[in-house]
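The values are calculated or read from the model by the stated rules, or taken from the named source; none is laboratory data. Just so it is clear, the model here is predicted, and its values are computed rather than measured. In this analysis, Cβ positions are derived from the backbone assuming ideal geometry, glycine residues included, and neighbour counts consider all displayed protein chains.
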Amino acid sequence: MSLFPSLAPNLGDTPHLGAVFQAFPDAVKPLLQYHDILLRGDSPLSIAERELIATYVSGLNACTFCFGAHKIYAKVFGIEESLIDAMMEDIETAPLPKNMKPILAYVKKLNALPANMRDADAKAVYDAGWNERALYDAVQICALFNFMNRIIEGTGVTFDYGATPPTDDELQARRTRTYMDYGRELGIVD
């Protein structure tokens, strides 16, 4: 639960991001387009890997809403929940693919200490077989979820996917649902 009161009383008792977007729709469309490009567009990183990074950053930031939402997406795209739990417990001992550990280490350092990034951090990612585009996509995902985590926490969103898991039908729908589809469902994107 957020320590901050809801930004606006009309967001309800357990505000959801959708309520925030509906209350303040002006910049939502380009934000959702960016989500679609970054998380569902072409990338050397699979959708599952990108969702894993989004989940990791949100977990590092203790953003319950984004962590829960993207943990669900990671699961929908093939990541085991136990792997996510192990990753959050200890990245070094988690049974992650070896090539993901350097990217996640990079993201963790960027998330906490961006001014301390060094050539060696990028070299570890490249040595694991990733190219510059993969690293740039990971950097963008880290930045996007720092942005989104602050929107969530700053507006008092308290909806918890852990307490309210989606149904099996909702899980299946997430495989093909875009972020722009979400905006359309909210009635704020054409």
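Can you say whether residue 72 is crowded, with 19+ Cβ neighbours inside 10 Å, touching a residue at least 12 places away in the same chain (Cβ under 8 Å) and not in a helix (DSSP H, G or I), as far as the supplied structure shows? So that I can check it myself, show each step before the final result.
Details: crowded, with 19+ Cβ neighbours inside 10 Å: yes; touching a residue at least 12 places away in the same chain (Cβ under 8 Å): yes; not in a helix (DSSP H, G or I): no.
Spelling it out, it is not the case that residue 72 is crowded, with 19+ Cβ neighbours inside 10 Å, touching a residue at least 12 places away in the same chain (Cβ under 8 Å) and not in a helix (DSSP H, G or I).
One line per residue, one yes/no per condition, for (1) farther than 30 Å from residue 184 by Cα; (2) more than 17 Å from the chain's Cα centre (by Cα); (3) in a helix (DSSP H, G or I):
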| residue | (1), (2), (3) |
| --- | --- |
| 43 | no, no, no |
| 54 | no, no, yes |
| 88 | yes, no, yes |
| 95 | yes, yes, no |
| 124 | yes, yes, yes |
| 130 | yes, yes, no |
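Taking region 132-149 on its own, how many of its residues are in contact (Cβ under 8 Å) with a residue 60 or more places away in the chain and either in contact with a Gly (Cβ under 7 Å, 6 or more places away or on another chain) or surrounded by fewer than 17 Cβ atoms within 10 Å (Cβ to Cβ) (or both)? Full working, then the answer.
Taking region 132-149 and keeping what is in contact (Cβ under 8 Å) with a residue 60 or more places away in the chain, we get 133-134, 137-138, 140-142, 144-146, 148-149.
From what is left, the residues that are either in contact with a Gly (Cβ under 7 Å, 6 or more places away or on another chain) or surrounded by fewer than 17 Cβ atoms within 10 Å (Cβ to Cβ) (or both) are 133.
Residues flagged as in contact (Cβ under 8 Å) with a residue 60 or more places away in the chain and either in contact with a Gly (Cβ under 7 Å, 6 or more places away or on another chain) or surrounded by fewer than 17 Cβ atoms within 10 Å (Cβ to Cβ) (or both) within region 132-149 amount to 1.
Would you mention how many residues in region 1-36 are of a type outside the set (S, T, N, Q) and at pLDDT below 85?
Keep residues of region 1-36 that are of a type outside the set (S, T, N, Q), which gives 1, 3-5, 7-9, 11-13, 15-21, 23-32, 34-36.
Filter once more, keeping what is at pLDDT below 85: 1, 3-5, 7-9, 11-13, 15.
So the answer is 11.
Since residue 62 meets every condition but one in (1) out of contact with any helix residue (DSSP H, G or I) (no Cβ under 8 Å at 6 or more places or on another chain); (2) assigned to a helix (DSSP H, G or I), which condition does it not meet?
Residue 62 satisfies all of (1) out of contact with any helix residue (DSSP H, G or I) (no Cβ under 8 Å at 6 or more places or on another chain); (2) assigned to a helix (DSSP H, G or I) except (2).
If I filter region 53-100 down to residues being over 29 Å from residue 18 (Cβ atoms) and of a type in the set (D, E, K, R), which single residue comes out as modelled with the lowest pLDDT?
The extreme case among them is 92.
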